[in-house]
Amino acid sequence: MIEDILSQMVLGLVNGAFYALLSLGLAVIFGMLNVINFTHGAQFMMGAFVAWMLLNWLGIGYWWALLLSPLIVGAFGVVIERLMISRLYKLDHLYGLLLTFGLGLIIEGLFRNEFGSSGLPYQPPPAFRGFSLDLGFMILPGYRAWVVVASLVVCISTWLIIEKTRLGSYLRAATERADLVQAFGINVPRMITLTYGAGVALAAFAGVLAAPIYSVNPNMGANFIITVFAVVVIGGMGSILGSVITGFGLGMLEGLARVVYPEASATVVFVVMAIVLLTRPAGLFGRA
């Protein structure tokens, strides 16, 4: 029983890695731009598809795709922000939510029409084929261990950049007093655009990591995004550290639920969200 619990919690940690990366991108965009980005799931899916295209159309492998796919999808996000989202900053949040929700549906529909919905295979890099870790209570495939390590490194690096660097201080100041920051000669609109692009790039990076584990299909973002929004709400809207800790923690909690009470594994995140909203409406790490 103990071995089953530990095994499922470790596997849950892999899901938690995706929750953390996706919720991190959402938290960056909401915390810095006050935009609820419902296109995030579609951008996660685009990251996986761009990696698949790079491999099958251009012969560019996984390691280069980890760099190129976030840059390509992030650039697409920059275009969306400049052409559409930037026009909504002074309006109610509902307009941004409806716009990004509609964009997400359009993007998923376009990919479904082009590639179908059955899913496309994407093999892990050769370095991880046949490589696994013996944890004593289970054999963990090497690629899944890499996913956890890579997501931890990216999440911690993003948090350090936002909280401990001069660039991060400019970003945080711009969310409070954009006019004052602009008075010091900083191009705030450009900084906001690049911030949105960076949040989108985080989603695409998660998509590349997910491609060898899940089949690359247009619905892969939709399967994650509702849970990820629950993670962001639990951690606190806009809280970078809260999103990372909550993402990993809830992934492990899901794994535990699969052993203790399997029927609740799909809903345990939303039960936690309801409890948190009743007791701490701003989230575990959020501010009122």
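The values are calculated or read from the model by the stated rules, or taken from the named source; none is laboratory data. Bear in mind that the values here come from a model prediction, so they are computed numbers and not experimental data. Because the Cβ atoms are built from the backbone with ideal geometry, glycine has one as well, and the counts that use them run over all protein chains shown. Heads up: the accessible areas ignore ligands, DNA and RNA and are worked out on the full protein's heavy atoms, side chains in. Shrake-Rupley method; radii C 1.70, N 1.55, O 1.52, S 1.80 Å.
Here's the yes/no breakdown for (1) more than 20 Å from the chain's Cα centre (by Cα); (2) under 30 Å from TYR62 (Cα atoms):
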position	(1), (2)
TYR95	yes, no
LEU110	yes, yes
ARG129	yes, yes
SER132	yes, yes
GLY136	yes, yes
VAL147	no, yes
VAL154	no, yes
LYS164	yes, no
SER169	yes, no
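So which residues in the range 212-233 are farther than 17 Å from LEU13 by Cβ and either part of a helix (DSSP H, G or I) or under 14 Å from the mean Cα position of the chain (by Cα) (or both), if there are any at all?
Matches in the range 212-233: MET220, GLY221, ALA222, ASN223, ILE225, ILE226, PHE229, ALA230, VAL232, VAL233.
May I ask you to list the residues in the range 230-249 that are open to solvent by 10 Å² or more (accessible area, probe 1.4 Å) and not β-branched (Val, Ile, Thr)?
Residues satisfying the conditions are MET237, GLY238, SER239, LEU241, PHE248, GLY249.
Quick check on the range 107-125. Is at least one of its residues farther than 20 Å from MET46 by Cα and assigned to a helix (DSSP H, G or I)? I'd like the intermediate steps shown before the answer.
Of all residues in the range 107-125, those farther than 20 Å from MET46 by Cα come to none.
No.
Report, by residue number, each residue of the range 183-197 that is among the hydrophobic types (A, V, I, L, M, F, W, C), part of a helix (DSSP H, G or I) and open to solvent by 60 Å² or more (accessible area, probe 1.4 Å). Explain how you work it out, then say what you get.
Kept after step one, since they are among the hydrophobic types (A, V, I, L, M, F, W, C), are these residues of the range 183-197: 183-184, 186, 188, 191-192, 194.
Within this subset, residues satisfying the condition of being part of a helix (DSSP H, G or I) are 183, 188, 191-192, 194.
Within the range 183-197, ALA183, LEU194 meet the criteria.
For the range 121-143, which residues satisfy the criterion of being of a type in the set (A, V, I, L, M) and within 21 Å of ASN15 (Cβ to Cβ)?
Step one: of the range 121-143, the residues of a type in the set (A, V, I, L, M) are 127, 133, 135, 138-140.
Hits for the range 121-143 are LEU133, LEU135, MET138, ILE139, LEU140.
Considering the range 249-286 alone, what residues qualify as being at pLDDT 90 or above and not in a helix (DSSP H, G or I)?
None - no residue of the range 249-286 is at pLDDT 90 or above and not in a helix (DSSP H, G or I), so the list stays empty.
Residues that are in contact with a Gly (Cβ under 6 Å, 6 or more places away or on another chain), more than 18 Å from GLY255 (Cβ to Cβ) and assigned to a helix (DSSP H, G or I): does the range 1-24 have at least one?
Initial filter on the range 1-24 (in contact with a Gly (Cβ under 6 Å, 6 or more places away or on another chain)): 8-9, 11-13, 15-16, 19-20, 23.
Checking which are more than 18 Å from GLY255 (Cβ to Cβ) leaves us with none.
Checking the range 1-24: not a single residue is in contact with a Gly (Cβ under 6 Å, 6 or more places away or on another chain), more than 18 Å from GLY255 (Cβ to Cβ) and assigned to a helix (DSSP H, G or I).
Per-residue answers, yes or no, for (1) touching a residue at least 12 places away in the same chain (Cβ under 8 Å); (2) part of a loop (DSSP other than H, G, I, E, B); (3) open to solvent by 30 Å² or more (accessible area, probe 1.4 Å):
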site: LEU99; (1), (2), (3): yes, no, yes
site: LEU103; (1), (2), (3): yes, no, no
site: LEU133; (1), (2), (3): yes, no, yes
site: PHE137; (1), (2), (3): yes, yes, yes
site: TRP146; (1), (2), (3): yes, no, yes
site: SER151; (1), (2), (3): yes, no, no
site: ILE156; (1), (2), (3): yes, no, yes
site: LEU160; (1), (2), (3): no, no, yes
site: GLU163; (1), (2), (3): yes, no, yes
